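Okay, structure first, notes after.
The values are calculated or read from the model by the stated rules, or taken from the named source; none is laboratory data. Not measured: the values here are computed from a predicted model. Glycine also receives a Cβ, built like all others from the backbone with ideal geometry; neighbour counts cover every protein chain displayed.
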Amino acid sequence: GAGVSQSPRYKVAKRGQDVALRCDPISGHVSLFWYQQALGQGPEFLTYFQNEAQLDKSGLPSDRFFAERPEGSVSTLKIQRTQQEDSAVYLCASSPIGLAGMNEQFFGPGTRLTVL
Amino acid sequence: KNEVEQSPQNLTAQEGEFITINCSYSVGISALHWLQQHPGGGIVSLFMLSSGKKKHGRLIATINIQEKHSSLHITASHPRDSAVYICAVIRGGADGLTFGKGTHLIIQP
């Protein structure tokens, strides 16, 4: 079956531009996570959804970052007024049940964002 | 100090060698994950542990909750095992994973 997909795979933005990154989780998966991975670093948690509810957004680095999952399936991570420090790979992961990290997570290929 | 520390950061070994990667954490956790990341970014979940030991093929993962330590072992290593291996934990009360910086493993033929 299909895994987690993300689009676009690569995005180049000029500083100050708004971007939207899409995640299609595995069908039926309850939990959805967004992570940010800077070059040469391990991923860092951004936000967590259980169905359409955003239960944890403690990792979002600023109010320029916004995530939604309005129908409990596809999720969008939006970054407003991008800055160079936003350059990173943005990873999406989904999990079949609603116990946050207490289950295997299935990762998408990531979106590599470069802000010039 | 990072909450999740891995060692070594880099490891080069010959095909067939027994590999051990270590992970220590400094916080209370609900579970620990071992992940594999290949060049190009794809991350695959290998194990999720909350106690004891798990085995899958040539991979073995152990965890000692009292000592806050986990190890990932690879038996009969092969060049296709070359990847970054990442330890990640679920901190008590948290939702997302807290990741270590990863161990870059190269297995030479």
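Does segment A:93-116 contain any residue that is farther than 28 Å from residue B:32 by Cα, of a type in the set (A, V, I, L, M, F, W, C) and either within 12 Å of chain B (Cβ to nearest Cβ) or not in a strand (DSSP E or B) (or both)? Taking every residue of segment A:93-116 in turn, at least one turns out to be farther than 28 Å from residue B:32 by Cα, of a type in the set (A, V, I, L, M, F, W, C) and either within 12 Å of chain B (Cβ to nearest Cβ) or not in a strand (DSSP E or B) (or both). For segment A:64-92, a tally of residues being more than 23 Å from residue B:33 (Cβ to Cβ) and part of a strand (DSSP E or B) returns 6. Only one of the listed residues (A:32, A:55) is in a strand (DSSP E or B), within 14 Å of chain B (Cβ to nearest Cβ) and surrounded by 18 or more Cβ atoms within 10 Å (Cβ to Cβ). That residue is A:32. Only one of the numbered conditions (1) in contact with a Pro (Cβ under 6 Å, 6 or more places away or on another chain); (2) within 11 Å of chain A (Cβ to nearest Cβ); (3) modelled with pLDDT of 95 or more is not met by residue B:6, and that is (1). Taken over segment B:20-35, the residue count meeting the criterion of being buried (at least 19 other Cβ atoms within 10 Å of the Cβ) and closer than 19 Å to residue B:77 by Cβ is 4. Against the list (1) within 14 Å of chain B (Cβ to nearest Cβ); (2) closer than 26 Å to residue B:101 by Cβ; (3) of a type outside the set (Val, Ile, Thr), the condition residue A:50 fails is (2).
Let's see how each residue does on (1) in contact with a strand residue (DSSP E or B) (Cβ under 6 Å, 6 or more places away or on another chain); (2) polar (S, T, N, Q):
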{"position": "B:51", "(1), (2)": "no, yes"}
{"position": "B:55", "(1), (2)": "no, no"}
{"position": "B:60", "(1), (2)": "yes, no"}
{"position": "B:66", "(1), (2)": "no, yes"}
{"position": "B:69", "(1), (2)": "yes, no"}
{"position": "B:83", "(1), (2)": "yes, no"}
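Among what's in segment B:15-63 and is within 14 Å of residue B:91 (Cα to Cα) and assigned to a loop (DSSP other than H, G, I, E, B), pick the residue that is nearest to the other protein chains (Cβ to nearest Cβ). Selected residue: B:50. Here residue A:41 qualifies as touching a strand residue (DSSP E or B) at 6+ places or on another chain (Cβ under 9 Å) and in a loop (DSSP other than H, G, I, E, B). Looking across segment B:46-61, the residues that are touching a residue at least 12 places away in the same chain (Cβ under 8 Å) and either aliphatic (A, V, I, L, M) or surrounded by fewer than 18 Cβ atoms within 10 Å (Cβ to Cβ) (or both) come down to B:46, B:48, B:49, B:50, B:51, B:58, B:59, B:60, B:61.
Table: residues versus (1) under 19 Å from residue A:106 (Cα atoms); (2) at pLDDT below 95.
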site	(1), (2)
B:11	no, no
B:14	no, no
B:29	no, yes
B:34	yes, no
B:52	no, yes
B:58	no, no
B:75	no, no
B:83	yes, no
B:106	no, no
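Among the residues making up segment B:64-84, those that are surrounded by fewer than 18 Cβ atoms within 10 Å (Cβ to Cβ), among the hydroxyl-bearing types (Ser, Thr, Tyr) and part of a loop (DSSP other than H, G, I, E, B) are B:75, B:82. Would it be correct to say that residue B:95 is within 30 Å of residue A:6 (Cα to Cα), among the acidic types (Asp, Glu) and free of Cβ contacts under 8 Å to residues at least 24 places away in the same chain? In short, yes.
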